[in-house]
Every structure is written in structure tokens, then in C-alpha cells.
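Notes to accompany the following structure.
The values are calculated or read from the model by the stated rules, or taken from the named source; none is laboratory data. The shown structure was predicted, so the numbers you read here are calculated from the model rather than taken from an experiment. Cβ placement follows ideal geometry from the backbone for every residue including glycine, while neighbour counts extend to all protein chains displayed. All accessible areas refer to the heavy atoms of the entire protein, side chains included, with ligands and DNA or RNA removed. Shrake-Rupley method; radii C 1.70, N 1.55, O 1.52, S 1.80 Å.
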Amino acid sequence: MVYLKGHWQLLALTALVFALWQTPAIVPLKILIVFFHEVSHAIATVLTGGEVVSLDISSNMSGEVWSRGGNRFITLTAGYLGSLLIGVALLVAATRTKADRAIMGGCGVLTLIVAGLYIRGLFAFGFAVGTGVAMLAMARFLGHSVNDMALRVIGLASMIYVPYDIFSDTIAHANLRSDARMLAEEFGGTTMIWGGIWLIVSVAVIGWCLRYGLGRSSNLDLRRR
């Protein structure tokens, strides 16, 4: 009961996201999470000494990164787990700090940088630029509460979508050309084994976030601007 009282807003928001999950209202969020997925691949490539050639996402919620070099094991693993960590970081930052407008603005700047450096496809470029500009506008013109709630929605949606996507792509449909299948082809094992490992890790990360990352209360004071 104490947990329910301290986090009832997040629980209600989670229920709302689930209720709208199969509706067009959630599609932009799903595409944003795919963008996080591909950006995670790109970051891992650069951090392990590789070069990102291009990054693309499409309206059917698929994406790809073309790269040269880098550590393949890390870059292939980074997609699902990296986008999950981004979601967790945004949710924890929204609930535990007062820097929501700065975080939203920083996300907007980084999104525009990725668009300028790596994106070539028309849809992906338009989505990234539109999202980046919208984030900057929110940070500049809207108050703390609105930015806080937006970060919570993005973070929660990522935390919900990643385990679902891992299960769908690597276990329920193991024949798909997923990151797990490529990992199995290059390093051994099977698509389902790697997908299962990622699923266990993602659930553990979400459990840690819910138990330790949110503090005693995550409820937003809606009277605050």
C-alpha cells in the first residue's frame, strides 16, 4: 500500500500506455524508441572504435545502422539494452531531479545532432528533426510539470516496449533477421538463447528501477509549474 500511495501516478500512466498500446496514439512513441535503439547501436560503434556511416528508421517501426569497425558483440547487444537504459535514465531523471527542462532540451539537441551527422532517409530525417525541434520548444516554452510528464511517458514507454520487442523479435519470431540472430551467427548460440538473456537482463533492470531508482515517492506535484 505504501508503494501504491507513493507511485500511483506512474502506475496510472503505465495503465494508460498499455490501454493505448495498439492505437495510433502510441506510434510516435514506438518510433522514438526505435530511434533510441538505433542510436544505441551507433553510440556503441563509436565508443568501440568504429565509424557510423548512416542511421535510418522507418514508419513501420524498423531501423538500421550502417557502420564500419567497432566491437560487433557490443554493438549488436547495445540496441535493445541501450534503448532500455535510455528509458530508465529518463524516468529516473524525471522522478528524482528538477532538471526536466534541461534534460528535454539536451535530448532535443542530441536528436538534431544525430539527424545532421548520420541520417539520410527522408522519413527518418523528418522525424528526427521534428522531434528534436519539438523537444527544444517544450524545454523553452513549457513548464516543469509538462516536461517532467513527457519524460515519464517516454521513459515508461521505452521500459514497456523493449522487453516486448525482445520477446517478439527473438523468441516468438526467432526466424526474423534480428540483432540476436546476427549475434548467434557471428558468435554462436541461438537467436532464442541471446534473446532470452536480453529479456532476463531487461526485466532485472526494470525491477531495479522500480525498487531502487524511483525513491519513496515519484508522484509529481501538479500544482508546480
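If you go through the stretch 25-44 one residue at a time, how many are modelled with pLDDT of 95 or more and either open to solvent by 50 Å² or more (accessible area, probe 1.4 Å) or over 13 Å from the mean Cα position of the chain (by Cα) (or both)?
3
Hey, can you tell me all the residues within the stretch 163-191 that are of a type in the set (Ser, Thr, Tyr) and over 13 Å from GLY79 (Cβ atoms)? Reasoning before the result, please.
The initial filter retains those residues of the stretch 163-191 that are of a type in the set (Ser, Thr, Tyr), namely 164, 168, 170, 178, 190-191.
Result: TYR164, SER168, THR190, THR191.
Is there any pair linking a residue in the stretch 124-149 that is within 15 Å of LEU110 (Cβ to Cβ) and in contact (Cβ under 8 Å) with a residue 12 or more places away in the chain to one that is part of a helix (DSSP H, G or I) and basic (Lys, Arg), with Cβ under 7 Å and at least six apart or on different chains, and which?
If the second residue must be part of a helix (DSSP H, G or I) and basic (Lys, Arg), the pairs left are ALA139/ARG101.
Here are some residues: LEU117, LEU136, LEU81. Which one is under 14 Å from the mean Cα position of the chain (by Cα) and in a helix (DSSP H, G or I)?
Numbers: LEU117 fails: under 14 Å from the mean Cα position of the chain (by Cα); LEU136 fails: under 14 Å from the mean Cα position of the chain (by Cα).
One residue alone meets the criteria, LEU81.
Open to solvent by less than 50 Å² (accessible area, probe 1.4 Å), among the basic types (Lys, Arg) and touching a residue at least 24 places away in the same chain (Cβ under 8 Å): is that true of ARG152 in this structure?
Values: open to solvent by less than 50 Å² (accessible area, probe 1.4 Å): yes; among the basic types (Lys, Arg): yes; touching a residue at least 24 places away in the same chain (Cβ under 8 Å): yes.
So ARG152 fits the description; yes.
So which of LEU84, LEU47 is closer than 30 Å to LEU214 by Cβ and surrounded by 22 or more Cβ atoms within 10 Å (Cβ to Cβ)? Write out each step before concluding.
On the way: LEU47 fails: surrounded by 22 or more Cβ atoms within 10 Å (Cβ to Cβ).
Being closer than 30 Å to LEU214 by Cβ and surrounded by 22 or more Cβ atoms within 10 Å (Cβ to Cβ) holds for just one of LEU84, LEU47, which is LEU84.
Quick check on ALA124: is it among the hydrophobic types (A, V, I, L, M, F, W, C) and either outside any helix (DSSP H, G or I) or open to solvent by less than 20 Å² (accessible area, probe 1.4 Å) (or both)? If you could, list the steps in order and put the result at the bottom.
Values: among the hydrophobic types (A, V, I, L, M, F, W, C): yes; either outside any helix (DSSP H, G or I) or open to solvent by less than 20 Å² (accessible area, probe 1.4 Å) (or both): yes.
Criteria met by ALA124.
Take the stretch 156-183 and flag every residue that is over 14 Å from TYR80 (Cβ atoms) and either at pLDDT 95 or above or open to solvent by 80 Å² or more (accessible area, probe 1.4 Å) (or both). Before you say what the answer is, go through the steps one by one.
Let us first name the residues in the stretch 156-183 that are over 14 Å from TYR80 (Cβ atoms), namely 156-157, 172-175, 177.
Those that are over 14 Å from TYR80 (Cβ atoms) and either at pLDDT 95 or above or open to solvent by 80 Å² or more (accessible area, probe 1.4 Å) (or both): HIS173, ASN175, ARG177.
If you go through the stretch 184-211, how many residues are open to solvent by 40 Å² or more (accessible area, probe 1.4 Å) and among the hydroxyl-bearing types (Ser, Thr, Tyr)?
Here the count works out to 1.
Any residue in the stretch 192-208 that is part of a helix (DSSP H, G or I) sitting within a Cβ distance under 7 Å of a residue that is open to solvent by 40 Å² or more (accessible area, probe 1.4 Å)? List the pairs, counting only those 6 or more apart or interchain.
MET192/ILE171; GLY195/ILE171; GLY196/ILE171; LEU199/PHE167
Could you tell me whether the stretch 27-37 includes any residue that is closer than 20 Å to ALA94 by Cβ, in a helix (DSSP H, G or I) and among the charged types (D, E, K, R)? Working first, answer last.
Within the stretch 27-37, the subset closer than 20 Å to ALA94 by Cβ is 28-30, 32-33, 35-36.
Subset that is in a helix (DSSP H, G or I): 28-30, 32-33, 35-36.
Those left that are additionally among the charged types (D, E, K, R): 30.
The answer is yes; a qualifying residue exists.
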